[in-house]
Amino acid sequence: MGRIKKEENNRTTDACRVPPGLSHRSWFAATVNKLKKPDGLPDTSNIDLGLFVTFWVILLFFIPLWNSPYSFGASLQVSQGEEVDWNNGFEIVTMPYSGLNETLLLNSTPYDGSSIWDCGSYFVDAKTRSDERGYTISISGLINNLGFFSCSTTTSISIHDITELFFSVILDGLEGSCNVTLSAAFSDISLENSWSELFHRSITSELYRGKTLNLTLSTPVALLKTISPDWLSKVDMDIFIVGTPSATLIIKDTTIKAISDKPLFPVTIDATATTGESLYSSYITRYLSNPPVIFLNRTGEDGGPALSLRRANYTVFLPQGQYSAIAGWHNYDVLSPVIDAQEITFEVIPDEMIHLRLKMRAIRLNINSSAPIPFRSMLVRLGESDDLIYTPWRYVPWPDHLYVPPIQGDIWISVYFEDWYVQAWANISMNHTQRISFSSPLTINIFGLLLNLGQLLDIGLVILIVFLVIKRWLVKTAQLNRRALLSDNRFVPIILLMSSFLFPWILYSDWGEYLTLNFVALPVRVLTFQGNIAFAVVSFGEWIILGLLSVVLLWAPLIGLLFMLSTPESKSNSKKTGKLLLLPFLYSVFFLIAVLLSGYTLGLGAILAMVGLPIWLIQILYRREIGVPDIQLPLKKAERGS
Amino acid sequence: MHTYFRYPTQQQGKIWLKRRQDIRPSDIAKQMRVSRPYVSKAQRVAEQRISKLLKNAAAINRISIEHSSSKFGFAVGYCPGYQSISYITYSPQFGVQVWFDHEGECSSCPENSDCERTIRGLAKEWKLEFPSDVSISRAASLLFDTIMRRLGWVE
């Protein structure tokens, strides 16, 4: 290695990169601070930090408003209606029927996904179609390993009269492959919860393209007779379909076949209001916590098992005999199990089927909404009774009416959507001549986006902040040359990052046919139904944790990168650019991992945020390879001369 | 007059630097697993590009070049605007840098650490020992003086 000899250096003094005559500080003050600001834009250089602080102070100030229940706006109107028949009762119609020792308790051929069945997808995008071939299901998911499609139905079986019981389903595989599980779960008919399960059996097989699968499940009836507390037992039949990553299949046929010592005859029970209208004219009756019920007693048998009537024309197969029953609204109270009870007797005789039509007292509640959007749950409190909950715990369409038991007193109604709900209260003494309407004009519909007043205020505030940030950015970048801007390595990643805000990051379907699109960077959630937007809602409450992360890992890097565009790209600031792009990259990778673990589907937004950093690195490496120098953003022509 | 210029590619830069350190083209070809003619061509293209880069930097800073060597990535000239001798250096690591002959206020300058890193790097590329007991601007002048002596531009 050579040596720099100080004693030989006689000619030069020092060498510096800053021009002579000016210190760095004075040069900066003499030039940069004298630059003329673009016309029409105020100098806002001192508001950058203050802007963020103000933003979050206001945000935190308004959080209580966002989280508060939006009770204002909704109302109950009571008006006097016409006198209607208020006498309950029942009617028995018999028809000829040839009873056999081999009975099809359920026969859906072809399977039509009717109201008998409750079908839905969970963490997976599924499309369904019914035609003459059967019930076609297409399951798909981009990155998804936990999603499934399920169809289930509930029926009641006279277990003491049966010797053999078979469940079967026939399916055809059209595309891809999937695993199909057929299961049957027997439970105590008097209880409606998961702890009531007595016995469970299932069978699983693989279905693939071109294969016809016939799954049959036989059950140990002798065992069930010993463990079932009643002569009637409730059974849940489920078909689970798990496709990875996608599959299309047809459910062609589903049956429950019973073999008995003596013939069984169908008894079909239907519940109507005293006006004659079916209580199931509103689909939501099936989700009511206190549904119409019939406690069925048989001569010679102990106990009176309760049949919850969750659908019209509920059919149970019974042997010949004398039966008595108490019908009404289920109250789940030992002392008073039935609201508005009525006693019924009927006899099942050979070669006849029975149609039992119950006329029940019920109050019809009309429900109006300025925005009839899908909701998650509805709660009705009547007088001193327990809450009546219409809760499928998934999104269901807005009903135009519902039936409630004939209980006198005050009425409370709450409708739950996302993390917000509407509720209204009326102090009334209800009777059957009154017409009660529940209105919820809480929301303002702006291009499909549902907002209330509080949210409008908050959004206005956010828009103001964003406007100020954009204005500041325009001031900073006004002197940039457009062509140089386009060739800046940071430009494409910034555009990708901005685009990621406009696309959903995760997609999920929490049971049902509604698909939720979650925009992580914005407090917006969009619900779609078979590809169409059902509603979009601004939901601050659930977003707040995600929002804090998004501000730190998305908004702050984006704003930082935008302001960095105003300075030329150089080696010294490339590290900072890399760090700012790394944050959204890590955030999106976090979502990728979460998606893989949870079974959600990764949205385009997360992918766009993820590719920003790799694209930036590739651009740098490519330009270095072809020898393009670090981009120096030149000024516009007008600025060059000055 | 507008002139189109580009930096040497990463590989061209490596080859150019090795040649400047007097490594034989055949050894460079072996080390980099390329052909001998490729080394010559890369060296030629790199020198053409560096020559344009040096001229461009001089034009931007209104420096009239007295001596220039694209082989060594170094030029010296005079800047009438600042009435100062000026140096232009090229390095694959630090790109093109312009230096003015005057005593800088290194102790109060925010660019001090960046300058030190650059001067240390240039000294390393030239295989010269960096004097640690002087200011950065002084070290820079010593380095450029030594380079000019090596190139035979001064006695």
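The values are calculated or read from the model by the stated rules, or taken from the named source; none is laboratory data. Source: prediction; values computed, not measured. No Cβ is skipped: glycine too gets one built from the backbone with ideal geometry, and neighbour counts run over all protein chains shown. Just so you know, the surface numbers come from the protein's heavy atoms only, side chains and all, with ligands and any DNA or RNA stripped out. Shrake-Rupley method; radii C 1.70, N 1.55, O 1.52, S 1.80 Å.
See the values below:
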{"quantity": "Given (1) crowded, with 16+ Cβ neighbours inside 10 Å; (2) over 24 Å from residue A:101 (Cβ atoms); (3) among the hydrophobic types (A, V, I, L, M, F, W, C), index of the condition residue A:335 fails", "calculated": "(1)"}
{"quantity": "Candidates A:264, A:207, filtered to the one that is in contact with a strand residue (DSSP E or B) (Cβ under 8 Å, 6 or more places away or on another chain), of a type in the set (A, V, I, L, M, F, W, C), within 30 Å of residue A:321 (Cβ to Cβ) and modelled with pLDDT of 90 or more", "calculated": "A:264"}
{"quantity": "Members of the range B:71-92 that are farther than 20 Å from residue B:40 by Cα and of a type in the set (Ser, Thr, Tyr)", "calculated": "B:78, B:82, B:84, B:86, B:87, B:89"}
{"quantity": "Residue match in the range B:90-104 (condition: within 8 Å of chain A (Cβ to nearest Cβ) and of a type in the set (D, E, K, R))", "calculated": "yes"}
{"quantity": "In the range B:69-83, residue least open to solvent (accessible area, probe 1.4 Å) [restricted to those that are closer than 12 Å to residue A:20 by Cα and within 11 Å of chain A (Cβ to nearest Cβ)]", "calculated": "B:79"}
{"quantity": "Close pairs (7 angstrom Cβ cut-off, 6 or more residues apart or separate chains): more than 30 Å from residue A:339 (Cβ to Cβ) and free of Cβ contacts under 8 Å to residues at least 60 places away in the same chain in the range A:88-101, open to solvent by 80 Å² or more (accessible area, probe 1.4 Å) and in a loop (DSSP other than H, G, I, E, B) anywhere", "calculated": "none"}
{"quantity": "Test: residue A:542 is among the acidic types (Asp, Glu) and either modelled with pLDDT of 70 or more or surrounded by 18 or more Cβ atoms within 10 Å (Cβ to Cβ) (or both)", "calculated": "no"}
{"quantity": "Unique match (being within 11 Å of another protein chain (Cβ to nearest Cβ), surrounded by fewer than 16 Cβ atoms within 10 Å (Cβ to Cβ) and either part of a strand (DSSP E or B) or hydroxyl-bearing (Ser, Thr, Tyr) (or both)) among B:26, B:107, B:40, B:86", "calculated": "B:107"}
{"quantity": "Any hit, the range B:52-68, residues being among the acidic types (Asp, Glu) and either more than 17 Å from the chain's Cα centre (by Cα) or assigned to a helix (DSSP H, G or I) (or both)", "calculated": "no"}
{"quantity": "Selection within the range A:564-593 - over 22 Å from residue A:507 (Cβ atoms), modelled with pLDDT of 80 or more and open to solvent by 20 Å² or more (accessible area, probe 1.4 Å)", "calculated": "A:574, A:575, A:576, A:579, A:580, A:582, A:583"}
{"quantity": "Members of the range B:111-155 found to be among the polar types (S, T, N, Q) and either farther than 17 Å from residue B:88 by Cβ or more than 7 Å from chain A (Cβ to nearest Cβ) (or both), listed by number", "calculated": "B:112, B:113, B:118, B:132, B:135"}
{"quantity": "The lone exception for residue B:64 - which of (1) polar (S, T, N, Q); (2) more than 11 Å from chain A (Cβ to nearest Cβ); (3) touching a residue at least 24 places away in the same chain (Cβ under 8 Å); (4) open to solvent by 50 Å² or more (accessible area, probe 1.4 Å) it fails", "calculated": "(3)"}
{"quantity": "Complete set of residues in the range A:313-332 that are within 17 Å of residue A:301 (Cβ to Cβ) and open to solvent by less than 10 Å² (accessible area, probe 1.4 Å)", "calculated": "A:316, A:318, A:319, A:323, A:325"}
{"quantity": "Failed criterion for residue A:273 (all others in (1) open to solvent by less than 10 Å² (accessible area, probe 1.4 Å); (2) closer than 30 Å to residue A:213 by Cα hold)", "calculated": "(2)"}
{"quantity": "Pair list, Cβ under 8 Å, 6 or more apart: the range A:553-578 residue without any contact (Cβ under 8 Å) to a residue 40 or more places away in the chain, other residue open to solvent by 30 Å² or more (accessible area, probe 1.4 Å) and of a type in the set (Ser, Thr, Tyr)", "calculated": "A:573/A:567"}
{"quantity": "Subset of the range B:127-151 (residues that are open to solvent by less than 60 Å² (accessible area, probe 1.4 Å) and more than 15 Å from residue B:76 (Cβ to Cβ))", "calculated": "B:128, B:130, B:131, B:134, B:135, B:136, B:137, B:139"}
{"quantity": "Strands (runs of 3 or more DSSP E) contained entirely in the range A:194-273, each with at least 2 residues that are farther than 13 Å from residue A:162 by Cα and free of Cβ contacts under 8 Å to residues at least 40 places away in the same chain", "calculated": "A:197-208"}
{"quantity": "The one condition in (1) part of a helix (DSSP H, G or I); (2) more than 14 Å from chain A (Cβ to nearest Cβ) that residue B:34 fails to fulfil", "calculated": "(1)"}
{"quantity": "Breaking point among (1) open to solvent by 20 Å² or more (accessible area, probe 1.4 Å); (2) under 31 Å from the mean Cα position of the chain (by Cα), for residue A:279", "calculated": "(1)"}
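This table checks each residue for (1) in contact with a strand residue (DSSP E or B) (Cβ under 8 Å, 6 or more places away or on another chain); (2) not polar (S, T, N, Q).
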| position | (1), (2) |
| --- | --- |
| A:248 | yes, no |
| A:253 | yes, yes |
| A:258 | yes, yes |
| A:272 | yes, no |
| A:288 | yes, yes |
| A:301 | no, yes |
| A:312 | yes, yes |
| A:321 | yes, yes |
